[in-house]
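Next up is a structure, given as structure tokens.
Each reported figure results from applying straightforward, stated rules to the coordinates on display, with no laboratory input. All figures in this text were calculated on a predicted structure; none of them were measured in a lab. Heads up, the Cβs are rebuilt from the backbone with ideal geometry, glycines too, and the neighbour counts pull from every protein chain shown.
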Amino acid sequence: MESFVSILIALLSAPLFPGIILKVKALFAGKKGPPLLIKYYTLMKLFKKGSVYSTTTSFVFKLGPIVSLAGGIMILLFFPLGAIAPVLSFHGDVLVLFYVLATGRFFTIAAALDTGSPFQGMGAAREAFFGTLAEASIFAVLILFYRMTHSLSFGEYFTGANPISLTGPAGALLLLVIVALFIVLLTENSRVPVDDPATHLELTMIHEVMVLDHSGPDLALIELGSFYKLFFYSAFLAMIVCPLSPSGGLLNLPVFYGIVVLVYMTIGLVESIMARFKMNLVPKFVLTSSILVVFAAILTMGFIK
Amino acid sequence: MGNLLQIENGESVKRSDIPLVPFDRFAKLLSDFVRKDGFIVQFFAFVEDGGNRLLAVVRNSHLYVVSTEVGEEFPSFTATCSEKFHMFEREIAEQFGITPVNHPWLKMVRYHANYRGVPDVFGNDYAEDIPGKYPYFQVEGEAVHEVAVGPVHAGIIEPGHFRFQCAGEEVFSLEIQLGYQHRGVENLLTEVAMKRLPIICEGIAGDTSVGHNLCCCQALESLAGLSVDPGARVVRAIALELERIANHIGDLGALSGDVAFNPPAAYFGRIRGEFLNLLQVLCGNRFGKSLVLPGGVSKLMNPEQVKIIEDKLKELEPEIRHVCDLLFTSQTVQARFEHTGTVAKQMAEDLGLVGYSGRASGIDYDARVTFPTEVYGLLPANRNEMTKGDVYSRATVRREEIMHSIHLIKTLLNKSGEASSKTLMQEISLQPDAFVVTVNEGWRGELSHCLMTDASGKIARYKVKDPSFHNWTGLAMSLRNQEISDFPLCNKSFNLSYCGFDL
């Protein structure tokens with residue numbers, strides 16, 4: 001029951017948090033910024049619209065938004081939000097889930113290529129390249145977590161017998177993981193300094209350019225999918241930063257969401273004080289995260305045993 | 001300079017005094033001049049007594065004019081002498097159907113039928129869309145792909161078509177096709193009533209309304225023998241500088257926004273508005289429209305306005321300093337600006353770049369210094385040290401010019417007490433058979449208008465040149481071997497005018 005309440009709250013509240021990023025950025029720019037609920041308004045607006053399909057596209061184009069949204073929802077079903085047991089869990093689910101996310105990306109890329117637009121092909125190439133690099137970091141993290149918890153499931157990581165904790169014996173290593181995962185979060189969710197979600201300049205876009213041809217409800221599904229993906233990465237970070245006891249039940253949620261809001265505010269802060277990287281610097285930036293985690297994994301060889 | 005007639009900026013001369021030399025002599029004079037660090041201000045064709053004439057206004061530290069008569073074609077100077085001629089020759093071919101033989105890249109400029117109604121040089125049927133018969137430049141090879149951007153863009157900007165030939169992220173070649181906003185300004189200016197000239201000139205390029213109108217009014221004043229009060233000259237210079245500051249600040253903000261560095265983009269956006277508001281204080285219009293008129297200015301500056309501008313400048317100057325520091329000292333911004341879109345000095349000279357684009361590449365030319373009009377002769381010049389030719393240099397030049405212009409306005413405000421009287425648009429009669437060229441440093445660079453009157457004092461030929469005419473080629477060259485994702489940044493660092501080019 002708790003699990004279902006928790007996932008419901010997550011699915012309903014995910015579009016709220018990107019509004020926080022916008023507020024923080026607006027604050028730094030000396031503006032009022034859009035209302036906190038802006039993303040809900042956007043979704044409502046988009047769902048009310050009709051869709052326009054280019055005559056060059058096929059069913060692949062319509063599949064992209066659905067698969068990427070499904071991926072975003074699915075990974076949340078397996079994640080112990082606020083240390084509340086996830087709705088679903090099995091041994092090895094992390095491997096499946098990261099590839100479910102990758103499937104979402106694959107279909108987004110396929111839909112982009114389906115349009116035949118040179119912009120979208122360019123964006124797809126960038127997304128595929130940077131996504132591949134980010135995968136290296138994620139799997140380094142999984143290796144490290146396996147060494148720390150001997151498990152391969154989100155549920156076990158945070159609610160199992162051997163939970164990941166900053167105060168645990170290998171807690172210091174988690175600091176490296178936090179930095180690395182934050183870099184992955186920025187990369188995977190098209191945030192500054194990797195991508196600029198606010199730009200209108202197609203030639204500089206990575207993710208946005210791939211969804212340029214989607215409109216109306218399709219675009220709403222893509223947006224929603226991206227909110228869930230961002231929420232998942234933020235929740236992952238929040239749980240590492242502030243591990244909660246499974247016994248806390250629903251009372252864990254206020255603390256958990258407090259930390260999640262902090263993660264989003266940090267994203268807003270980073271976007272306000274940094275310019276974007278030149279495109280050819282992005283791979284170095286992403287690879288920095290893998291190096292950090294690999295370094296952490298090497299350290300575990302010494303003293304975890 | 002035998003056969004080159006030296007003229008002053010904004011000084012009318014009799015057309016019969018302009019040397020009309022045989023083409024061979026014309027070719028030698030121009031080629032020699034351009035090879036010895038000469039630049040072209042105007043080079044255009046007109047019809048006289050049923051024959052085609054070419055007229056060139058060139059500059060080094062002075063202005064010179066010379067003309068010749070040609071038939072239906074002439075040997076291209078671009079092929080034999082310098083790239084500085086290349087756009088001008090294409091324009092001549094397009095406007096008058098005169099072919100520059102052996103021109104290496106004879107392509108239409110703005111896509112319209114020629115004025116003489118002779119067969120088209122490019123073989124285009126202008127009922128078809130741009131680019132007509134023209135096949136865009138292509139790079140061959142398995143790995144090369146083509147990206148076409150525009151003419152309709154994602155932002156609210158003017159239309160222009162950009163073709164990139166890329167290998168992956170690297171740009172081999174960028175071809176820029178404009179002409180989507182061609183309105184026939186030059187012909188319009190010869191047809192309408194005199195009182196509409198300033199209004200039309202203000203609309204040549206909306207962001208340079210003071211600059212273009214100033215060129216027009218100076219030319220009309222010269223041809224009509226009108227004198228301008230010293231007080232009015234001060235107001236004109238202040239308006240031109242306010243326009244410069246507003247545009248430079250807007251562009252620095254946009255550059256910041258293009259690299260996703262939001263705070264300066266927001267601050268500069270506001271400060272730009274403050275300067276536009278100062279223009280409104282000065283003349284009732286945020287873009288300085290309807291201020292400059294032949295013979296003076298339409299609004300006088302009273303002590304109250306002087307006070308408002310002084311106070312506002314005092315308030316804004318430290319703010320601008322702070323926001324500039326924020327932008328220029330941020331490492332991530334420096335990483336984006338430096339070594340991006342570099343135009344080497346040699347290239348800039350070959351192409352004849354003007355304005356901040358030229359100065360950022362080390363071409364030390366400022367029309368306010370070399371050919372001062374209004375009160376610029378009494379004012380100090382600006383010097384910029386950053387001349388590497390990249391986006392960072394172009395941004396730095398803008399920053400220095402903003403500071404310099406604020407200083408100029410402060411100096412000018414102290415002179416505001418000078419005598420002046422309000423001018424209204426009046427019917428004026430122009431000197432017959434006369435020629436005048438005016439050159440001013442608009443915010444983008446050298447603006448030039450050229451007027452010729454016929455025997456009855458009517459304007460026979462009106463030639464407009466926006467600095468963008470020189471600089472678009474610079475943008476295309478700056479993209480060579482750059483990343484395609486840096487195009488918007490390079491584009492913004494030049495920020496050229498589409499409608500000023502399209503006329």
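By how many nm would the segment from B:R321 to B:E140 lengthen if fully extended, with 0.36 nm per residue of separation less the alpha-carbon distance?
Roughly 60.3 nm would be gained on extension.
Another question, if that's okay. Holding the Cα-Cα limit at 21 Å, pick out from B:K84/B:K345; A:K23/A:K49; B:K415/B:K465; A:K278/B:K388; B:K289/B:K422 the pairs that are longer than that.
Correct reply: A:K23/A:K49; B:K415/B:K465.
From other protein chains only, count the Cβ atoms within 10 Å of every residue's Cβ in B:328-339, then give the mean.
The shielding value for this peptide is 3.
Same structure, new question: Once each part is reduced to its C-alpha centroid, what is the distance from region B:449-501 to region A:225-272 in angstrom?
Between the Cα centre of region B:449-501 and that of region A:225-272, the gap is 52 Å.
Return the long-range amide H neighbours of B:V297 (sequence gap of 5 or more, or a different chain), with a cut-off of under 5 Å between placed amide H atoms.
So B:V297 has HN proximity to B:T423.
What number comes out for the charge environment of B:L276, summing +1 per Lys or Arg and -1 per Asp or Glu over other residues with Cβ under 10 Å away?
Net local charge, B:L276 excluded: 0.
Out of residues 5 or more away from B:S173 or on other chains, whose amide H comes under 5 Å of its own, with H placed 1.01 Å from N in the peptide plane?
It is B:Q165, by chain and number.
Now for a different question. Given labels modelled 7 Å from the Cα in the Cβ direction, how far is it in nm from A:L281 to B:Q346?
Result: 2.9 nm between the two label points.
Report, by chain and number, residues whose modeled amide H sits under 5 Å from the one on B:F74, excluding near sequence neighbours (fewer than 5 apart, same chain).
B:T99, B:V101
Taking C-beta distances below 4.7 angstrom as the pairing criterion, name the unpartnered cysteines of chain B, in sequence order.
Unpaired cysteines in chain B: B:C81, B:C166, B:C215, B:C217, B:C283, B:C324, B:C450, B:C490, B:C499.
Further question: Among residues other than B:V58 whose Cβ falls under 12 Å from its Cβ, what is the net charge (Lys/Arg +1, Asp/Glu -1)?
+2
In nm, give the distance between the simple-model label positions of B:T411 and B:L300, each being 7 Å from the Cα along the Cα-to-Cβ direction.
That separation, rounded to one decimal, is 2.6 nm.
Which of rounded, prolate, oblate describes region B:97-215, given a ≥ b ≥ c as roots of the alpha-carbon gyration tensor eigenvalues and a/c under 1.5 marking rounded, otherwise prolate only if a/b is larger than b/c?
Taking the square roots of the gyration eigenvalues as a ≥ b ≥ c, region B:97-215 is oblate.
When the helix-only estimate is applied to chain B (DSSP H runs of n ≥ 4, each -39,500 (n - 2.57), divided by the residue count), what is the mean residue ellipticity at 222 nm, nearest 500 deg cm²/dmol?
It comes out at -12500 deg cm²/dmol, rounded to the nearest 500.
Answer with one residue from A:T108, A:A172, A:L81: the one whose Cα lies farthest towards the positive end of the charge dipole of region A:46-174, charges on Cβ with Lys, Arg +1 and Asp, Glu -1.
The listed residue farthest towards the positive side: A:T108.
May I ask you to derive the relative contact order of region B:333-388, considering only C-alpha pairs under 8 Å and at least 6 residues apart, and to give it as an integer percent?
Taking the mean separation of contacting Cα pairs over the length of region B:333-388, I get 33 percent.
Let me ask you something else. Which ³J(HN,Hα) values, rounded to whole Hz and listed in residue order, are derived for region B:177-188 from phi using the Karplus coefficients 6.51, -1.76 and 1.60 in 6.51 cos²θ - 1.76 cosθ + 1.60 with θ = phi - 60°, glycine and proline given as x?
In residue order, the calculated couplings are 10, 10, x, 5, 10, 5, 10, x, 4, 4, 5, 4 Hz.
Apply the a/c threshold of 1.5 to the C-alpha gyration tensor of chain B and tell me whether it is rounded, prolate or oblate.
The shape class here is oblate.
Say each of B:I428 and A:I143 gets a label point 7 Å from the Cα, pointing the same way as Cα to Cβ; how far apart are those two points in nm?
Each label point lies 7 Å from its Cα, and together they span 8.0 nm.
A further question follows. With a ≥ b ≥ c taken as the square roots of the eigenvalues of the C-alpha gyration tensor of region B:349-433, please select rounded if a/c is under 1.5 and otherwise prolate if a/b is larger than b/c or oblate if it is not?
Oblate, since a/c reaches 1.5 and b/c is not below a/b.
Averaged across B:484-494, how many Cβ atoms of other chains sit within 10 Å of each residue's Cβ atom?
Partner Cβ neighbours, averaged per residue: 4.
Moving on to the next point. Order by neighbour count: B:Y392, B:Y126, fewest other Cβ atoms within 10 Å first, most last.
B:Y126, B:Y392
Counting only complete DSSP H runs, which helices of chain A cover 30 Å or more along their long axis at the Cα atoms and score a mean Kyte-Doolittle of 1.0 or above?
Helices meeting the span and hydropathy rule in chain A are A:93-114, A:216-241, A:252-273, A:282-303.
If each residue's Cβ is checked for other Cβ atoms within 10 Å, how do B:E221, A:E2 rank with the fewest at the top?
Listed from fewest to most nearby Cβ atoms, that is A:E2, B:E221.
Based solely on its DSSP helices, what 222 nm [θ] is calculated for chain A when runs of n ≥ 4 H residues each add -39,500 (n - 2.57) and the sum is averaged over all residues, nearest 500 deg cm²/dmol?
That comes out to -22500 deg cm²/dmol.
Follow-up question, since we're still on this one. Cut-off 15 Å, label point 7 angstrom out along Cα-to-Cβ of A:V270: give me the residues of region A:164-184 whose amide nitrogen falls inside.
Residues A:175-184 qualify, since their backbone N sits under 15 Å from the label point.
Then there's this: Under a cut-off of 20 Å between alpha-carbon atoms, report the lysines in cross-link reach of B:K410, not counting same-chain residues fewer than 8 places apart.
B:K299, B:K307, B:K312, B:K314
For A:V286, what charge total do you get from the other residues with a beta carbon under 11 Å from its beta carbon, if Lys and Arg give +1 and Asp and Glu give -1?
With Lys, Arg at +1 and Asp, Glu at -1, the net is -1.
When the Cα centres of region B:304-366 and region B:85-121 are compared, how far apart do they sit, in Å?
First find each Cα centre; the distance between them is then 35 Å.
Across peptide A:192-202, what mean number of C-beta atoms from other chains lies inside 10 Å of a residue's C-beta?
5
Which whole-angstrom value gives the distance between the alpha carbon centres of region B:141-178 and region B:184-229?
With region B:141-178 and region B:184-229 each reduced to a Cα centre, they are spaced 35 Å.
Would you mind ranking B:R398, A:R105, B:R196 by Cβ crowding within 10 Å, fewest neighbours first?
Fewest-to-most ranking of B:R398, A:R105, B:R196: B:R196, A:R105, B:R398.
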